[in-house]
Amino acid sequence: MPTFALNFSRPGAQVAAQYYNFLRLGFPGYQRVHQACQDIAVHMSGSIAKMGPFELITEGRELPVFAFKIADPQASYTVFDLTERLRSRGWLVPAYTFPADLTDTAVIRVVIRNGFGKDLADAFLADLNHHWRTLAAHPSDCAPLFPEGKRQSFAH
């Protein structure tokens, strides 16, 4: 017997909440929400590009997501060192290597969610700026927070 129900192999609360938000905000409201996220992503990626040691992989112009890597392959620190330091300040940003044929490229990926405003973006940028400068200036004083073999790249 046919029925109307939201049936999924996983809980559907997120789908129902998203549907409610779409009905409540409508297309113009949803567009404003996502444009605000995209504006923050472009602001952050532009600021990171100006910091110096980083090379952008994406800018966040298509989706509110961007990635960057350390431009100097001879740098005394890695993106994994940097994300460990950022994690100590409460930022959860993944660092990982690309799949086959690009495994020598490691990046940091930043995803901007609804509610992540310019004040939080500027706080993240300040922490990122502080930590890369510390790692670059004192590489011998900045031992990895996790010993070799215990470090992991981000996994979903």
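The values are calculated or read from the model by the stated rules, or taken from the named source; none is laboratory data. Just so you know, these numbers come straight off a predicted model, no measurement behind them. Here the Cβ is made from the backbone with ideal geometry for all residues, glycine too, and neighbour counts use every protein chain on show. Just so you know, the surface numbers come from the protein's heavy atoms only, side chains and all, with ligands and any DNA or RNA stripped out. Shrake-Rupley method; radii C 1.70, N 1.55, O 1.52, S 1.80 Å.
Looking at the range 105-123 only, could you name the residues that are in a helix (DSSP H, G or I) and either open to solvent by 20 Å² or more (accessible area, probe 1.4 Å) or of a type in the set (Lys, Arg) (or both)? First the steps, then the outcome.
Start the filter on the range 105-123 by keeping residues that are in a helix (DSSP H, G or I), which leaves 118-123.
Answer for the range 105-123, where residues must be in a helix (DSSP H, G or I) and either open to solvent by 20 Å² or more (accessible area, probe 1.4 Å) or of a type in the set (Lys, Arg) (or both): Lys118, Asp119, Leu120, Asp122, Ala123.
From the list Leu92, Leu102, Leu82, which one is assigned to a loop (DSSP other than H, G, I, E, B), among the aliphatic types (A, V, I, L, M), under 15 Å from the mean Cα position of the chain (by Cα) and modelled with pLDDT under 95? Quick ask: steps written out before the conclusion?
Details: Leu102 fails: under 15 Å from the mean Cα position of the chain (by Cα); Leu82 fails: assigned to a loop (DSSP other than H, G, I, E, B).
From the options Leu92, Leu102, Leu82, the qualifying one is Leu92.
Only one residue in Ala75, Ala126 is in a helix (DSSP H, G or I) and out of contact with any strand residue (DSSP E or B) (no Cβ under 7 Å at 6 or more places or on another chain). Which one?
Working: Ala75 fails: in a helix (DSSP H, G or I).
From the options Ala75, Ala126, the qualifying one is Ala126.
Can you find a residue that is open to solvent by less than 40 Å² (accessible area, probe 1.4 Å), outside any helix (DSSP H, G or I) and modelled with pLDDT under 90 anywhere in the range 48-66?
Going through the range 48-66, the residues open to solvent by less than 40 Å² (accessible area, probe 1.4 Å) turn out to be 48, 51, 53-54, 60, 64, 66.
Still in the list and also outside any helix (DSSP H, G or I): 53-54, 60, 64, 66.
Now drop any that are not modelled with pLDDT under 90, which leaves none.
Looking through the range 48-66, none of the residues is open to solvent by less than 40 Å² (accessible area, probe 1.4 Å), outside any helix (DSSP H, G or I) and modelled with pLDDT under 90.
If the Cβ limit is 6 Å and pairs must be 6+ apart or interchain, which residue in the range 94-123 that is on the phi < 0 side of the Ramachandran plot pairs with which residue that is in a loop (DSSP other than H, G, I, E, B) and of a type in the set (S, T, N, Q)?
From the range 94-123, the pairs are Tyr96/Ser153; Thr97/Thr103; Phe98/Thr105.
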